[in-house]
Every structure is written in C-alpha cells, then in structure tokens.
Amino acid sequence: MKKISSRIRGFSLMELMVVMLIIGIIAAFVVPASTTILRGSQLVQASQIITDQFSLARQYALSTNHPVELRLIQYADPEVPGEVVNGSNSPSSGNFRAIQIVQDVDTSDSNGNAIMKRVALDKPQLLPQSIVMDQTQPMSTLIAEAKAPSNQNGIPNPTQTPLLTTAVTNVDPVMPRNIGYNYQYVTFRFQPDGSTNLPARSVSDSNGCWFVTLRNINDSNPTVSGTALVTQTGGGTRAVNFFTLLVDPVTGATKQFRPGI
C-alpha cells in the first residue's frame, strides 16, 4: 500500500504577496464606494427628517386652527473641531443641525401672573452628525436672510421673518445632549390656513419659494452656476451631493430638489 504523506504544503512568500496585492486593489475600489454610500444614506435620512417636520408643522396648524412655529436650530457640537461649546457665543460657532415644532401657549407662573410659554409639539429632531444645513446665499435663504441685519444699525428687527433669535431660559424648550438653552434658531410660522408668515418672493427667485439646503459638513459650500448647483474645485466645477427643500410662502406647500433627480 502506498504511504500518504502527512506533510501540508504552506503558501510561498510570492503567493502571499500576490494575495495581499489583490486584496489591496479590491479595497481601493470598495472603501471609497462604501463611504459614498454611507454619506448618501445619511443625507437621505436627514432629508426625510426635515421634510417630515415641515409637513407635520403645517398639519398641526391646519388641524388645531392655531399658528405653529417651525425652528431651524443652531448649536455647537463638542466633537466638531472649531465649534465652541462653552463660550459666550457658542451657538454661532456651531452649525444648524436640528429642527423642532413649537407653539405659543398662554399660561401663568407660580404667582398667578399671565405668561406666554413656547411648548414643544414634538421632540427636537437632530440630523445625522455629518449632515448640516447650509447657511449661505443662495443655498438656504431661510437661514442666510434671517442672519442678515434688517436695519442700518446691524440689529435684527424683532418682526423680521424669518428671524434669527436666541433661546430664552424657562421659556423655550430644553435641548438634549447637554445643550440646554445654549442654542439659537431661525423661526417662521405656518398659519391656520396652511400658509406661512414668510414674505412673498419674486417668481423669478426659485419660483417664489424660500428654501433650506442640507449637505455633508465636510463638503464645500455649494454655489450657483447657471441653473446647476455646483461647487468650485481646483478652478472647475462639479456636482455636489445635497438636498434642498423649498417652501411656498403663500400655500405652505413644499418641494424637494436633489442633483440629478
């Protein structure tokens, strides 16, 4: 009978190097693709959050026959470089990364004095950490125009709409993640008939709509080139992955826009 050898042959150094080379080539294609997919899914999740909240605010106003306030909220994230959490001006060092629906309610304090309190109709919806609302013109008119001073002294007019304002302790809702009242927000209202209190815009200006744009925090600020939304890269232009929600100030109806959709 022929004896069977128990010796097991291993891989040679050359074979191992070939296998490692193949793995490296595959990883070079797979890792960027998976990163792009992840960033895209986070943007989709964020776009669903903001779209749902706009729709919910309008539905609350219609069903309760009472104005409902929608807030785009800015605060500093301690995990993001350059954002100051404990500084005196910390909210403005951060990004717009949350949205909430509130309503004014007449109530009284412990002494029986009549006061107005802003009651949250839903918990604050925080966007995925990598997604923020763009603050620039012309990508987010709701935010950019609220930040622009409305008079020559550089002081916002309290009747300005949309309005950028700072949270008030014991009046505004408390934010989670130890943010508390250390935030500011852009606000406008949906009226009982479904419209908004936003000023009318020219039809030539995005069909008369106001809008807000979501993008990845690491992406450059988009700009407009003709009718295409692009970002400057090395002197050229390329499409940027973003999501824009438009709201008609007269009807309160919303429309969505994404590159290629």
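Among the conditions (1) at pLDDT below 60; (2) closer than 23 Å to residue 95 by Cα; (3) of a type outside the set (Lys, Arg), residue 181 misses just one, which is (1).
Across region 1-48, what is the total count of residues that are at pLDDT below 80 and of a type in the set (S, T, N, Q)? The number of residues fulfilling the criteria is 6.
The set of residues in region 53-63 that are in contact (Cβ under 8 Å) with a residue 60 or more places away in the chain and either under 21 Å from the mean Cα position of the chain (by Cα) or open to solvent by 60 Å² or more (accessible area, probe 1.4 Å) (or both) comprises 53, 54, 55, 56, 57, 58, 60, 62.
Filtered by the rule that a residue be part of a strand (DSSP E or B) and at pLDDT below 90, region 114-129 gives 114, 115, 116, 117, 118, 119, 120.
Residues in region 188-229 that are of a type outside the set (S, T, N, Q), modelled with pLDDT of 80 or more and not in a loop (DSSP other than H, G, I, E, B): 188, 189, 190, 208, 210, 211, 212, 214, 215.
The one condition from (1) surrounded by fewer than 21 Cβ atoms within 10 Å (Cβ to Cβ); (2) more than 18 Å from the chain's Cα centre (by Cα) that residue 177 does not meet is (2). Remark: pairs (first residue in region 101-113, in a strand (DSSP E or B); second residue surrounded by 11 or more Cβ atoms within 10 Å (Cβ to Cβ) and modelled with pLDDT under 70; Cβ separation under 7 Å; 6+ apart in sequence or on different chains) = 107/115; 108/115. Note on region 136-148: among residues that are in a loop (DSSP other than H, G, I, E, B) and free of Cβ contacts under 8 Å to residues at least 60 places away in the same chain, the one that is surrounded by the fewest Cβ atoms within 10 Å (Cβ to Cβ) is 148.
The values are calculated or read from the model by the stated rules, or taken from the named source; none is laboratory data. Just so it is clear, the structure is predicted and the values come from calculations on it, not from any experiment. Virtual Cβ from ideal backbone geometry, glycine too; neighbours counted across all protein chains shown. Protein only, heavy atoms only, side chains kept; ligands, DNA and RNA dropped before computing areas. Shrake-Rupley method; radii C 1.70, N 1.55, O 1.52, S 1.80 Å.
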